[in-house]
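A short write-up of the structure that comes next.
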Amino acid sequence: MIRRVLPPLAPALIALLVFVAFPMLWVVRTSFNELEAGAYIVDALTLDNYTRFLGDSWYLINTLWFSIRIALIATAISVVCAYPVALYIARTAGLQRNILLALIMAPLLIGLVTLVYGWIVIFRGGGLLNSLMIALHVYDQPVRYMWDIKGVVILLVYIGAPYVVLSLLDSIERISPFLVEAARNVGASRWTAFWKIVFPLTMPGLYAGIVIVFALNFSAFAVPLMIGDSNTQMIGLVVYREALLNNDLPFASALSVIMVAVNAMILMGMAVFFGRLILNRLEVKR
Amino acid sequence: MIRFDFGTAALRLITLLMMTFLVFPIAVTLVVAVNPREFILPPNGFTLDWFRAAWSSKTFLRGMGVSLVLGIAAAFLANVLALPAAMALVRNNFPGKAALNIILMSPLLIPTTIFSLALYIYFVRIGYGSGLLPLLVGHTIHIMPYALRILTASLHNLDPSYEEAARIVGAGRIRTLFSITLPVIRTGLVSSFALCFILSWNDFPISVFLAPPGWTPLPVELFSYIKFQYDAVAAALAGSLILLSALAIVIIDRLAGLRRVLRS
Amino acid sequence: MSDDAIQVSGVVKRYGATTAVDNVSFNVAQGEFVSLLGPSGCGKTTTLRMIAGFVEPTAGALRVNDRDVTHLPPEKRELGFVFQNYALWPHMTVAENVGFGLKLRRKSRTFIREKIAESLSVTGLSGYEDRLPRQLSGGQQQRVALARALALEPQVLLMDEPLSNLDRALRVTMRRELKELQARMKMTTLYVTHDQEEALSLSNRVVIMNKGRVEQVAAPYELYENPATSFVADFVGITNFLEGSAVGVDGGSMGVRLRSGQVLRAVAKTAVTPGAEVRALIRPERVTLTTKPVDGENVLSGQVILSEYFGAVLRYSVRLDGGEILRAEVHNFDNFVETGAKVWICVLPEHLRIIPQEGQG
Amino acid sequence: MSDDAIQVSGVVKRYGATTAVDNVSFNVAQGEFVSLLGPSGCGKTTTLRMIAGFVEPTAGALRVNDRDVTHLPPEKRELGFVFQNYALWPHMTVAENVGFGLKLRRKSRTFIREKIAESLSVTGLSGYEDRLPRQLSGGQQQRVALARALALEPQVLLMDEPLSNLDRALRVTMRRELKELQARMKMTTLYVTHDQEEALSLSNRVVIMNKGRVEQVAAPYELYENPATSFVADFVGITNFLEGSAVGVDGGSMGVRLRSGQVLRAVAKTAVTPGAEVRALIRPERVTLTTKPVDGENVLSGQVILSEYFGAVLRYSVRLDGGEILRAEVHNFDNFVETGAKVWICVLPEHLRIIPQEGQG
Amino acid sequence: AADDCMLRVTTWGGSYQATYESVAAKFEEQYNCKIEWVVGSSPDHLIKARLGQVDVVTNTLLNSIAGEKEGLWLPLDPAKIPNMANLYENAIYSKDTIFANVGDYVLAYNTDKLSKAPAGWDDLWNPDYKNSVVIYGVDHIPTLSLMVMKAEQNGGSIDNMEPGIDRMAELIKSGNLIGMLDVESQMVSLFETGDAALGMLATGRMKDLLSKGAKNISFVRPEEGTFPLITSVNIHKDATDPDMAANFVNYILSPEVQVAFATRNLYAPTVKNAEVPEDFEYRELLVRNEAFGRLFLPDQEKITANKADWQQRLNQKAKR
Ligand SMILES: Nc1ncnc2c1ncn2[C@@H]1O[C@H](COP(=O)(O)OP(=O)(O)OP(=O)(O)O)[C@@H](O)[C@H]1O
Ligand SMILES: Nc1ncnc2c1ncn2[C@@H]1O[C@H](COP(=O)(O)OP(=O)(O)OP(=O)(O)O)[C@@H](O)[C@H]1O
Ligand SMILES: [Mg+2]
Ligand SMILES: [Mg+2]
């Protein structure tokens, strides 16, 4: 087994060892250092950086739990938005398909940095979104989207949804239509056939999408940086600020170590959950 | 055939809404890019000044070139690393597989800022502080887990007998991979490549640390630019990118169509 | 007409330039067992899939139990269906596959459990409940597909070669079980097969298809003994065709002059004009073959060029002195005739069937 | 031993708790045609896949053309293989599927084109060159799979039920083509089938498998006439088993006392101790059935309880007065016997085969 | 030769780099030495300096101080940098660090929305300006400086920040703020579109606004003082060619380059002999004379040491 499994995994594992594990040793080491006044880093062996975060319920609630919550919410919305689109695209072909795929990828291709212009025009107090909503009588006072968590979530969805579509497509396309027919034949409506047959079989793609988008969201910093306010304490942004604006590398390193641990636990949880749910069944070897 | 006609109308509507959601900001950006008053809507005229400025900026053009080359190279390398790993993971059940999966996903767990900083410091320590290698490695490693996930999903539904059939007519592992496996999972492969390219194309933190002088990718150039300068030049650049992608799609479609015509 | 469970009227299916099914019409009465028999690619599966609602006909109408179902979605048609390629849901165990339809019908848990157990035991799969489809052999998968359809006890059951991957012994058993089930539950059954034995032994009537068209619809005996076309004659059982011209047509009797000039006497069942080009059809099992010279009417001589052993049957191919190849089947034999041996062949006049040569008006 | 093309020695395959193949050994000589015959799920496919190198045996060794291939990758084994589920490459046309192996061997374009055309014409698929697999019917797909293997003219060909989805007429034709091809190209062939007719008519020898084990390896006639176990007897053709005890064993002759007390005389081929529990095996086609009372040795009377029509064959199930069910086949018949009719049955002593009852030491 | 001589100089991207590049050719020619621009954000400059990847560091004052503590810099030698003699006295921060140029953060306002010019920073708290005030994010020096200023004005000091933090929390809770922004250019657009009535703005951005023809935006420098935006320069201790680095620093301090940054980027000169042309349209935007004296520059070391703590306390107080 080892003989068969190791060679194909070796290049990736070696790359990870050399370019992730070794550099991360430095991060772990730095996380035990001290920061003197004036952003001066001193070699030390202290747990202060960890206790500063983990021992402070304010950080735990407003940064860690906040980030997890926002990442989960944005991921969930992305999935809900992207799934039907992926279903639709899977049924198209030729030019229509290419156009749809292009449109899906366009926002990512153009990049957040430039699209922020468009978003400001849409989001700002007297912007297009508020004008529209007020005109439609959804609400009558301008709502704050820009420099607010609402905008951050919308933007995370805006960026996340295309990734979900991309990761779902192949799973959807490879489902044999006979399986759906068989379900329809035993009395399943389209809807039931979808939920009981198609949906479970798209789980591999869905899982991929969720993992990707959750990881992106959880460590996001560009979106909260540009769309968020000082109160959007997304942990990725906090790391960015501590490392780059406050020069507090020890604290940023400790935060990173914590993030890696939390992230790994969440992803591990997802792996177990999805594995139990379906993936294990699809992985049985013939 | 009743493929997946689950409420076609509803699906079409949702897709339409989603596309609007995705495209609307782009459209607005385009309007900004031809609006003499930039962000003040409605536009009071039409100008190509911003476009002209964008296209006469050597930094942007060079940045675009760098991002393009970098994205393609990194996406390629990431998939090359991820594909065999994905195959090994999907085809075999062994103890510790879940843990291995997480290890392979590790670049995804580390905040990009710290990852790139650590990688940068590491490269300097081992004496490769400058040059293109760190930049390429950084991008490749960062996007590899994404490729791994998408390819794994693709391989889940692949019937192994396709490969067996190729092996038995004399194709070695490599030939089977290229002639059978890859074509069969091509949607997944294209998705994976596209996703990797986009991730690299959009990356900011890794490039900030690892890009050697003269090889600054577009997002870094753009971010530096808009940090202070707030005009529609960047919007015009976005507009140019939209038009370029549209052109690329038409060309690809033509080529694909052409191939189909030639075959029949 | 109201006791027809299935009515197929003028149904056509085109895929681009290919016409898979071309103006097919037939009925299946309540409780009847009808087989669709025909060569590979003749449109059997397509016809069945149109009835089930998976494929929309290009033209024509379909009625099931006196309802026009032409545009009804499959789940409203209340038909059982067994797929040629099994179409088992890969993420469900055997038990879940079989129980899925019952669960949709909101049956009680105990009822479902019992029904699953019952269907699996009928198909010889007890003990496989928790396997996943890909852990089963081809034949086991096919049986799960069958069990899945049977569990719902449908009034009308459509089956697409449900036994093709089973071994002969199991096929015989399953065939009996199926027949018995069908009789007990009075299921109207439309059965696609390429196996004439299966079609003949199971069916009340058989629909013979060829190139998208119906060639003949008849009861098994009728079909075998009075094939309407030489295609049917050849497809339903093995047939020898000897070409010649009609001579001495006389009341109930007539002769066929073969290429060799020899005349075979036959019982005339259809009107043939003397001198017309005809074909004499002889079933291999109706031929008597000896290695000793015989004299008399309807004796042909020739040489054995191939012998095939099938256990209960020995089949010889004989090159007649006129050059034609004739196949003869021998049952209950104790000696083999060597290849190359000279043999004499007798055919009784009542076992010769004469049909006009086709494609000549 | 060096003229054995395939040697399978003590091969075992376990999937967790299931033992799919259990200590299987057999050889296939150069140019020989051997079939693996057995019920669904008995391990035929698994055995074949181990020889091809797709599945690694848990234990045992495999040799092909005197090379130990147990750990060789499939592409180094130089075998042809036809898959039970076709495994056509979905992204390649029919021609590309067939030509792929040739392209790997760097043959010239014209050569490849000709070979493709040839293989497709042998399998009756000319004109389908540019179709994609999904545009073909089940049988057509199976033929492409066959053409793909044949195009390479392999020295050793493994086939997993290559004809199971074909209609009978085509199957008979393909069978002949295959046999002829095999003889012409002297391909060593190992053929998995669940169809005993196919196995008997095609093979030089047949390996009978049951529950992962080999039951008997023998030439077709031997197998049919002298089955080693009642499993083989039953699986290879239909067999009647009548249970009783041995009486009057006397040189070449012996008797079996049935439950009804009646004694059947048989030619004794194996040594049996008087009084031993035995089974008398009678092939249905060896039975003579009449509606008129007959007297004499080895006549049993009973009542027809089921008749099945197969065209050339009519099969009756008769409940004997002793209660046993006996099946009789009638060929070349002109009348049917009604269900419920009283019938008399004769068996010749030389057509009775006596075996000890199994599981009794 | 030009091939061997190469000077690695950090710069911010965009217009700053553009100005640098516009004056570099002359230097490169004169000293036959190529300049390689290391573009990045301020923290990158420090990190790259830590790793010895640069020769001359254009920096923020905070980073210069941090680097100084870590011993990253070479003392600047007036003998090798003759132009240092022209520096204003307070433009020499330490033996390692001098100011290359200085901008400031002024109080910008929309003349359509405010009938008269705001009197001071306290106007940001004015309840009339609901949802129309912009200030920089809490990590940014102007906001931190404002916090210190408010602490001092309310009975506290940089060592007793409670009053300042309270005051800032009030501002956050007042509902006046459109946002505390991390991206400067977004503030420009807020003024441009009329969303913002009042707020902080760097003089460089103010110029962007004015040059775009935003006639309804004006600015004041409150009596309390404005917050400086300082560009400092250091020479790295491991510079490959310290003399050439000194030459470059000297060149930065030349009137020519000083005026270039003044006219192009609105960074006021730090040398006495740099004459900004009289006809320069945005002369008013350059911080000069008594305004220069009123620049509010609290103890940078204390700020860096404590700002994380202040931020957290502020966030807790503002309870958002
Ligand atoms: N999607 C399709 N596109 C084009 N042609 C098709 C398509 N599906 C089926 N056909 C063609 O229609 C004809 C009838 O196919 P069908 O599957 O009904 O045959 P069948 O009688 O079931 O054969 P088999 O016994 O081999 O399964 C075949 O010639 C096949 O190639
Ligand atoms: N991956 C697997 N895991 C567990 N059991 C398996 C697996 N693959 C096959 N089996 C079992 O091994 C046995 C032999 O399977 P195999 O496919 O060899 O049968 P077969 O003789 O080819 O049958 P058929 O004629 O139905 O195709 C079966 O009982 C099957 O359920
Ligand atoms: Mg079919
Ligand atoms: Mg099998």
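The values are calculated or read from the model by the stated rules, or taken from the named source; none is laboratory data. This structure is a prediction, so every number in the text was calculated from the model and none was measured. Note: ideal-geometry Cβ built from the backbone for every residue, glycine included; neighbour counts use all protein chains shown. For accessibility, only protein heavy atoms count, side chains too; no ligands or nucleic acids. Shrake-Rupley method; radii C 1.70, N 1.55, O 1.52, S 1.80 Å.
Protein heavy-atom accessible surface, 1.4 Å probe, per residue over the range C:238-356: 43 Å².
Hey, what number do you get for chain D at 222 nm if only DSSP H runs of n ≥ 4 count, each worth -39500 (n - 2.57), divided across all residues, to the nearest 500? Mind showing how you got there, number by number?
Working: 8 runs with 84 residues, N = 361.
The helix-only estimate for chain D comes to -7000 deg cm²/dmol at 222 nm.
Taking the DSSP bridge list for the protein assembly as shown and keeping only pairs wholly inside it, about 75 percent are antiparallel. If you plug the beta carbon distance of E:GLU256 and A:VAL42 into 1/(1 + (r/R0)^6) with R0 = 45 Å, you get a FRET efficiency near 0.60. Volume of the convex hull of the range A:2-95 (Cα atoms only), normalised per residue: 263 Å³.
Would you please name the trypsin sites (Lys or Arg not before Pro) within the range E:226-283 that are DSSP coil residues with at most 14 other C-beta atoms within 10 Å of their C-beta?
On the way: sites: E:LYS237, E:ARG264, E:LYS272, E:ARG283; in loops: E:LYS237, E:LYS272.
For trypsin sites (Lys or Arg not before Pro) across the range E:226-283 that sit outside H, G, I, E and B with at most 14 neighbouring Cβ atoms in 10 Å, the list reads E:LYS272.
The C:ALA228 and D:THR58 beta-carbon pair, evaluated with R₀ = 56 Å, returns a calculated FRET efficiency of approximately 0.50. Here is the interface size for B with D: some 1900 Å² of accessible area buried, both sides summed, with a 1.4 Å probe.
Computed with a 1.4 angstrom probe on protein heavy atoms, the B-A interface buries about 9300 square angstrom of accessible area in total. Calculate the all-directions average of the projected area of the range B:57-263's alpha-carbon convex hull, and give it in nm². Result: a mean projected hull area of 15.0 nm². Put a plus charge on the Cβ of each Lys and Arg, a minus charge on the Cβ of each Asp and Glu, and nothing anywhere else: the dipole of chain E about its Cα centre is then about 840 debye. Solvent-accessible area assigned to carbon and sulfur over the range E:30-114 amounts to 50 percent, based on a 1.4 Å probe. Among the residues of B:184-190, the average count of other protein chain beta-carbon atoms within 10 Å of the residue beta-carbon is 5. Build a GNM of chain E with springs between Cα atoms under 10 Å apart, and of E:LEU76, E:LEU87, E:LEU51 the one that fluctuates most is E:LEU51. Using alpha-carbon positions, what is the distance between the centroids of the range E:215-239 and the range B:81-104, in Å? Each part reduced to its Cα centre gives a spacing of 54 Å. 3J(HN,Hα) along the range A:48-58: 3, 5, 6, 5, 4, 8, 6, x, 10, 4, 4 Hz, from the Karplus curve 6.51 cos²θ - 1.76 cosθ + 1.60 with θ = phi - 60°, whole Hz, x for Gly and Pro. In loop segments of the range D:1-49 as defined by DSSP, there are no chymotrypsin sites (Phe, Trp or Tyr not before Pro) with at most 16 further C-beta atoms inside 10 Å of their C-beta. Between the listed residues D:GLY340, D:ALA276, D:LEU352, the Cα displaced farthest toward the positive end of the dipole of the range D:251-361, a dipole computed from Cβ unit charges relative to the Cα centre, is found at D:ALA276.
Here C:LYS211 yields copy-to-copy label distances, from shortest upward, of 5.2 nm, the label point defined as 7 Å from Cα along Cα to C-beta. DSSP beta bridges fully contained in the range E:1-138 are about 10 percent antiparallel. Positive-end ranking of E:ASN131, E:LEU171, E:GLY194 along the dipole of the range E:129-214, with charges on Cβ about the Cα centre, is headed by E:GLY194. 3J(HN,Hα) couplings calculated from phi for the range C:200-213 with the Karplus curve 6.51 cos²θ - 1.76 cosθ + 1.60 (θ = phi - 60°) are, in sequence order, 5, 7, 8, 8, 6, 9, 10, 9, 9, 10, 8, 6, x, 10 Hz; Gly and Pro show x. Charges were assigned to the Cβ only: +1 to each Lys and Arg, -1 to each Asp and Glu. The resulting dipole of chain D about its Cα centre is roughly 1040 debye.
Shielding value for B:194-201 is 4, the average number of Cβ atoms from other chains within 10 Å of each residue's Cβ.
Between amide H atoms placed 1.01 Å from N, distances below 5 Å from C:SER137 occur with no residue 5 or more places distant or on a separate chain. Listed by chain and number, the aspartates and glutamates placed with their C-alpha closer than 13 angstrom to that of C:LYS13 are C:ASP22, C:GLU56; residues fewer than eight positions away on the same chain are left out.
How do D:4-13, E:10-19 rank on mean C-beta neighbours within 10 Å, highest first? Walk me through the numbers on the way to the answer.
On the way: D:4-13: 19.4, E:10-19: 21.0.
The packing order, highest mean first, is E:10-19, D:4-13.
Between B:ILE150, B:ILE121, B:ILE251, which gets the highest mean-square fluctuation from a Gaussian network model of chain B, Cα cutoff 10 Å? The residue with the greatest mean-square fluctuation here is B:ILE251. Distances between placed amide hydrogens fall under 5 Å for D:ASN298 paired with D:ARG265, all partners being 5 or more residues away or on another chain. Rg over Rh for the range C:258-309 works out to 0.99, both radii taken from alpha-carbon positions and Rh defined as the Kirkwood radius. For C:LYS186, the point set 7 Å out from Cα toward Cβ sits 6.6 nm from its twins in the other copies, listed from shortest up.
Counting only other chain Cβ atoms within 10 Å of each residue's Cβ, the peptide D:148-155 averages 2. The residues of the range A:132-148 occluded by other protein chains by 50 Å² or more of accessible area, set against the chain on its own, are A:ARG144, A:TRP147; surface from heavy atoms, 1.4 Å probe. Computed from protein heavy atoms with a 1.4 Å probe, the total accessible area buried between C and D is close to 4500 Å². Over chain C, the fraction of Cα-Cα pairs per 10 Å bin, rounded to whole percents and listed from the shortest bin up, is 5, 21, 25, 21, 16, 9, 3, 0. The charge dipole of the protein assembly as shown, taken about its Cα centre with unit charges on the Cβ atoms of Lys, Arg (+1), Asp and Glu (-1) only, comes to about 2860 debye.
Checking every one of the trypsin sites (Lys or Arg not before Pro) in the range C:265-361 against DSSP loop status and a limit of 15 other Cβ atoms within 10 Å picks out C:LYS269. Would you work out which of B:GLY172, D:MET50, D:GLY311 lies farthest towards the positive end of the dipole of the protein assembly as shown? Charges go on Cβ: Lys and Arg +1, Asp and Glu -1. Highest projection toward the positive end goes to D:GLY311. Please report how far the C-alpha centroid of the range D:189-262 lies from that of the range A:220-286, rounded to the nearest whole angstrom. Between the Cα centre of the range D:189-262 and that of the range A:220-286, the gap is 69 Å.
Remark: label point of D:CYS346 defined 7 Å out from Cα along the Cα-Cβ vector; separations to the same position in other copies 1.7 nm, ascending.
For the protein assembly as shown, what log10 I(q)/I(0) values come out of the Debye formula at q = 0.09 1/Å, with one point per alpha carbon and no solvent? Relative scattering, expressed as log10 I(q)/I(0), comes to -1.23.
Please state the shape class of the range A:61-285: rounded when a/c is under 1.5, otherwise prolate if a/b exceeds b/c and oblate if not, all from the C-alpha gyration tensor.
On the way: a/c = 2.24, a/b = 1.37, b/c = 1.64.
The shape class here is oblate.
Per residue, the range C:4-232 exposes 35 Å² of accessible surface when a 1.4 Å probe is rolled over the protein heavy atoms with every protein chain present.
Rounded to the nearest 500, the helix-only mean residue ellipticity at 222 nm of chain E stands at -12000 deg cm²/dmol, with each DSSP H run of n ≥ 4 adding -39,500 (n - 2.57). When only alpha carbons of the range D:238-356 are considered, Rg and Dmax amount to 14.3, 44 Å.
Summarising the amide proton neighbourhood of E:ALA100: residues at separation of 5 or more, or on other chains, whose placed amide H is nearer than 5 Å comprise E:THR231, E:SER232, E:VAL233.
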